[in-house]
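The values are calculated or read from the model by the stated rules, or taken from the named source; none is laboratory data. Note that this is a predicted model, so its numbers are computed, not measured. When we count neighbours, we look across all protein chains shown, and the Cβ atoms used for this are built from the backbone with ideal geometry, even at glycine. Quick note on the areas: whole protein, heavy atoms, side chains included, nothing else; ligands and nucleic acids left out. Shrake-Rupley method; radii C 1.70, N 1.55, O 1.52, S 1.80 Å.
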Amino acid sequence: MKIRYTKKRLKSNLIFGFIWFFLGLTLLILNEFSSRLDYFWIILAIIYFGVYSYEYFNQYLTIENGTIKVNNPFGKKINLVEIKQIKKFAGDYILKTDKKNLTINTQIIEPNSLAELNAELEKLNVKWN
């Protein structure tokens with residue numbers, strides 16, 4: 001099961017990508033490629049398009065085979081059976097095991113996916129704070 005990002009987050013990354021691309025393209029055309037700094041805006045646009053693509057295809061969380069994984073290049077992965085406590089703090093869920101903590105930002109999760117996440121976490125017999 002994939003826990004999805006909000007459409008607002010995905011759209012904002014795409015919009016910023018287009019803004020930086022058109023700004024860079026405009027500066028390159030108007031300045032006739034006079035400065036290397038003009039290329040910075042194109043590179044920034046490519047980064048935003050890359051972030052958008054990565055988040056669109058991978059989404060925020062994946063719950064499968066008894067594990068929960070944050071889908072980013074340095075994302076954490078923990079087994080659901082190892083979770084001892086779930087703490088709600090400032091709009092985040094902090095899943096605690098004996099060795100690790102996994103923080104889930106609920107404000108960037110689509111409402112339908114948040115309901116699915118809550119249902120999946122409710123299945124666990126753990127202490128909620």
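Residue check: Lys7 meets all listed conditions (1) open to solvent by less than 40 Å² (accessible area, probe 1.4 Å); (2) out of contact with any Ser or Thr (no Cβ under 9 Å at 6 or more places or on another chain); (3) touching a residue at least 60 places away in the same chain (Cβ under 8 Å); (4) over 16 Å from Leu121 (Cα atoms) but one, namely (1). Here region 17-40 is the region considered, the condition is being surrounded by 14 or more Cβ atoms within 10 Å (Cβ to Cβ) and of a type in the set (Gly, Ala, Ser), and the residue that is nearest to Asn71 (Cα to Cα) is Gly17.
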